[in-house]
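Engineer: Quick one: this structure, given as structure tokens, is what I'll be asking you about.
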Amino acid sequence: QVQLVESGGGSVQPGGSLRLSCAASGTRSRINVMGWYRQAPGKQRELVADITSGGSTNYADSVKGRFTISRDNGKNTVYLQMNSLKPSDTAVYYCNLINMVRQNYWGQGTQVTVSS
């Protein structure tokens, strides 16, 4: 059974930084895309960033230039470095994995709060 274990969330002041990690285990098929989504209260879940097995990245316009997604294929782990955080970045962040047979898996979510 595929498990995604997230870590690194927390509270930070505006302008601060956080680094999220997500480690995948139990995958039988090769991983294709790993990414991060977020959901703020009263809003729909939205893509933050994702990265393919080949290293191609995709970012939401709202985080371009501030967030960086990276991946360690050997460890089946994806990272999200978040800099210059804003109160509007406050949300529950979810790790996502899509494997080569297009199965889709989600982590349990980690809270990120940006507040002074």
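Engineer: What does segment 58-116 give for Rg and for Dmax, in Å, if only its C-alpha atoms count?
Structural biologist: Over segment 58-116's Cα set, Rg and Dmax evaluate to 13.1, 44 Å.
Engineer: Just the number please: accessible area per residue for the chain, 1.4 Å probe, all protein chains included, in Å².
Structural biologist: 54 Å²
Engineer: Just check segment 23-68 against the gyration tensor rule for me: Cα atoms, a ≥ b ≥ c as the square roots of the eigenvalues, rounded for a/c under 1.5, and otherwise prolate or oblate depending on whether a/b exceeds b/c.
Structural biologist: Oblate, since a/c reaches 1.5 and b/c is not below a/b.
Engineer: Among 74-81, 59-66, how do they line up from the highest to the lowest mean number of other beta-carbon atoms within 10 Å?
Structural biologist: 74-81, 59-66
Engineer: Could you name the lysines whose alpha carbon sits less than 26 Å from that of Lys43, not counting residues in the same chain fewer than 8 places away?
Structural biologist: Lys64, Lys86
Engineer: Relative to the present Cα-Cα distance, how much length would full extension add between Ala60 and Ala40 at 0.36 nm per residue of separation?
Structural biologist: Gain in length upon complete extension: 5.7 nm.
Engineer: Please list the equivalent ellipsoid semi-axes of the chain, computed as the square roots of five times the alpha-carbon gyration tensor eigenvalues, in descending order and whole angstrom.
Structural biologist: Ellipsoid semi-axes (Å, largest first): 24, 14, 12.
The values are calculated or read from the model by the stated rules, or taken from the named source; none is laboratory data. Just so we're clear, the structure is a prediction, and the values are computed from it rather than from any experiment. FYI the Cβ positions are ideal-geometry reconstructions off the backbone, even for glycines, and counts take in every protein chain you see. All accessible areas refer to the heavy atoms of the entire protein, side chains included, with ligands and DNA or RNA removed. Shrake-Rupley method; radii C 1.70, N 1.55, O 1.52, S 1.80 Å.
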